[in-house]
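The values are calculated or read from the model by the stated rules, or taken from the named source; none is laboratory data. Here the structure is a predicted model, which means the values were calculated and not measured. Cβ atoms come from the backbone with ideal geometry, glycine included; neighbour counts cover every protein chain shown. Ligands, DNA and RNA are excluded from the accessible area calculation, which covers all protein heavy atoms including side chains. Shrake-Rupley method; radii C 1.70, N 1.55, O 1.52, S 1.80 Å.
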Amino acid sequence: MSTQQPAVPPGDAEGHDVVKAARVTRRWPVIAGSVAVALVVGLGAIIALRPHEPFSIDAEWMGEIVEHRSPLWLGPALFFNYVGGGILGSMVIPVLIVLLLLAFRRPWGATFFAAASIVSVACVQLLKHTVDRARPTEILVHVDTGSFPSGHTANAATMVVVLGILFPRVWVWIVGVMWAVLMAVSRTYLGAHWISDTVGGLLLGAAVAVIVWTPLAYRLAAEATAPHPFFLGRKVTADSARPRRRRESRR
């Protein structure tokens, strides 16, 4: 005797498609994420063979950055350094996002964000200690050991992809991509990373978010169709408005 899953609305106002999410669970996210992780691991293996020799593109990019350094850009770069790492970037901001998702009655969304963030940090630290790449010499901030991949950039990429999946709006993706790219540029501007470190961080952070999303895709899409408090719950659909109209007509 087979059991059927409870009926779930096919979609909602935010663009979530529950049926599509169920189908996508075992397909391209795992393939795309795995390919990205393989690229990062492959790049890390090449770097591990030459930990003190940057690629030519790394050296050229760093030379341009150092040549064009200015007090005008130092402030924004330090801002990204502060909010992208340390206690604020690694603890305070992620916890606030989780609490906000819980406040919006999105426990699966909060679980998704927390799990993706933790896995991303773990993967970054594993690669950092395994590859053990030397950082650039023109460093303007205090950093830990291991240059590849960039933890700040990986964290930013993970956050962007997770929030983009939870809130599929064009402006969310645009702002998110800009945030991740600026984070990557700021890391090279401060001399904390080579450009290849930030590319690896972007790929790894995005891949982790997509892979973690895979087993949660159906639950997240179903959760998005439920009513939420605040402005997310103020929209009244045509079907939900019909009983109200009937009651008013009887009066």
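For the stretch 36-83, the carbon plus sulfur part of the accessible surface works out to 72%, probe radius 1.4 Å. Using the Cβ atoms and a cut-off under 14 Å, what net charge is assigned to the surroundings of Ser56, where Lys and Arg are +1 and Asp and Glu are -1? For residues surrounding Ser56, the net value is -3.
Atom-type composition of the exposed protein surface of the stretch 129-195 places 73 percent of the accessible area on carbon and sulfur (1.4 angstrom probe). Find out how many positive minus negative residues lie around Asp144, taking Lys and Arg as positive, Asp and Glu as negative, among other residues whose Cβ is under 10 Å from that of Asp144. That works out to +2.
Add +1 for every Lys or Arg and -1 for every Asp or Glu among the other residues with Cβ under 15 Å from the Cβ of Gly205, and state the total. That sum, taken over residues with Cβ under 15 Å, equals +1. Accessible surface for the stretch 115-211, divided over its residues, is 39 Å² per residue with a 1.4 Å probe.
For the stretch 55-102, go through all pairs of different Cα atoms, get the mean of 1/r, take its inverse, and jot down that Kirkwood value in Å. This gives a value of 13.1 Å.
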